[in-house]
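The values are calculated or read from the model by the stated rules, or taken from the named source; none is laboratory data. Because the structure is a prediction, the values reported are computed rather than measured. When we count neighbours, we look across all protein chains shown, and the Cβ atoms used for this are built from the backbone with ideal geometry, even at glycine. Accessible surface is based on the protein model in full, side chains and every heavy atom, while ligands, DNA and RNA are left aside. Shrake-Rupley method; radii C 1.70, N 1.55, O 1.52, S 1.80 Å.
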Amino acid sequence: IDSDGVLTISGKGDMKDYEFVDSSPWSFSKVKKLIIKEGVTSIGKRAFYKCTMLSSVSLPDSLISIGSGAFSWCEKLTNVSLPDSLISIKTEAFDRCESLTSITLPKNVKNVERGAFDSCEDLESILVDESNSSYISLDGVLYSKDMKQLVAYPGAKAGALIVPDGVVTIGDYACKFNKSLTSVTLPDSVTSIGKQAFDECKNLTSITFGNGLTSIGDCAFRGCPFTSITLPNSLTTIEETAFYCCRDLTSVEFGNRITSIGATAFNRCELLETVYYKGSAAKWATISIGEENDELLNAQFVFSNIDEEINNSSNVADENKMPDSDDSDTSSPDNSDTDADNNSPNSHNKGENKDDSNTGLIVLCATGAILAVAGIAAFIFIKVKK
């Protein structure tokens, strides 16, 4: 590093990887400008981790790969020109480059790993060379070329995200730490939401799930300020910590196909009061629920008993199909009659009719008694008069 803070790296082949955050000779240094000469093919893992003074980078046309966390926490880095030779950008390569405003993927990039641009708070757009065969940018959002996966959403992109129909997966870390995203609408084509996809999106208050969603990944919505969520009937799996620390959440609605809720999925959701389940209490009891979900389990449950209603309807239909039996009138009463009355929506009215009948019988008997007494009195009166 010279006196002006300029670091020049030269040589042939791949740079060394550094397994620990403080093991690189340049980590935490006062490097302000980085120049990597022709011949270098790979920037090593965590090579420039937390070079917090670094604001300018010049990369060679020989570069093929940028390693995991290579420029992570380079908070003053505002712009990076990626060469056409580049093929791979590894996990969290530009994580927390908070001053980076825009980046363009060149034509030969084939692999952008999860969280490559994670927590870049000022990043307004991720653009892609039109001739790139692996990725495409739509309104500044990075998708796979076939539009099946949402790969990365810029950290400074504000407002509502309406995911296009046809997208199948929301990728791991796709929208993590976006502080400007307020609402998300997913189409029916989305089947899975990846790990930490919307983790700590502090202003995300509304989400509409499509009817094709089957799984929600680890920490997918951790710390989001939802007040209520309605999960689709198609959902079967919620992974660990998915809604952890959603402290404004008061109600959750589950469909009746949910089979697994991971540990701590609803932990620290202290305001959770009501859980709506489109099924019976018996069916809810069959769901695998991981530990530390007390907030969920201690909420008030509202069951719709859809499966029980279907069974009852089937039983009634079967009974209607049975022929009348000559012995039915002479058989002694049993508990099944009582249960049928109690399960009927009109059971309360039936009870009132029975009470009315009993009351009428009592009145009739009393009237008869009075008439009998009156007759005796009249007979005595006639005998005395004679």
- Query: Once the whole set of protein chains is in place, how much accessible area is left on THR237, using a 1.4 Å probe, in Å² to the nearest 10?
  - Reply: 30 Å²
- Any idea how far apart ILE9 and ARG247 come out in nm if each label point goes 7 Å out from Cα toward Cβ? 4.0 nm
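Quick one: order LYS45, LYS145 from most to least accessible surface, probe 1.4 Å. All intermediate terms of the calculation are to be shown ahead of the outcome.
Values: LYS45 55, LYS145 85 Å².
Ranked list, largest accessible area first: LYS145, LYS45.
So which of LYS176/LYS283; LYS145/LYS176; LYS37/LYS107; LYS145/LYS195 end up more than 27 Å apart, counting from Cα to Cα? Could the numbers behind the result be given before it?
On the way: LYS176/LYS283 34 Å; LYS145/LYS176 21 Å; LYS37/LYS107 21 Å; LYS145/LYS195 21 Å.
With Cα atoms farther than 27 Å apart: LYS176/LYS283.
At 0.36 nm per residue, minus the direct Cα-Cα distance, what do VAL168 and THR230 gain on full extension? Give it in nm, one decimal, please.
Values: separation 62, 0.36 × 62 = 22.32 nm, distance 1.96 nm.
Length gained, VAL168 through THR230: 20.4 nm.
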- Near ASP139, within a Cβ-to-Cβ distance under 12 Å, what is the net charge of the other residues, with Lys and Arg +1 and Asp and Glu -1? 0
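Below 12 angstrom from the Cβ of LYS32, what's the summed charge of the other residues (Lys, Arg +1; Asp, Glu -1)? All intermediate terms of the calculation are to be shown ahead of the outcome.
Numbers: positive: LYS30, LYS33, LYS76; negative: ASP2, ASP4.
Around LYS32, the charge tally is +1.
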- Would you rank PHE28, PHE301, PHE243 by solvent-accessible area, highest first, keeping every protein chain in place and using a 1.4 Å probe? PHE28, PHE301, PHE243
- Task: Run the quick spin-label model on LEU297 and ALA281: label points 7 Å from Cα toward the beta carbon, then report their separation in nm to one decimal.
- Result: 1.6 nm
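Taking the Cβ of LEU7 as the centre, find all other residues whose Cβ is under 13 Å away and add up their charges (Lys, Arg: +1; Asp, Glu: -1). Write out the running numbers ahead of the final one.
Values: positive: LYS30, LYS32, LYS33, LYS37; negative: ASP2, ASP4.
Summing Lys/Arg as +1 and Asp/Glu as -1 gives +2.
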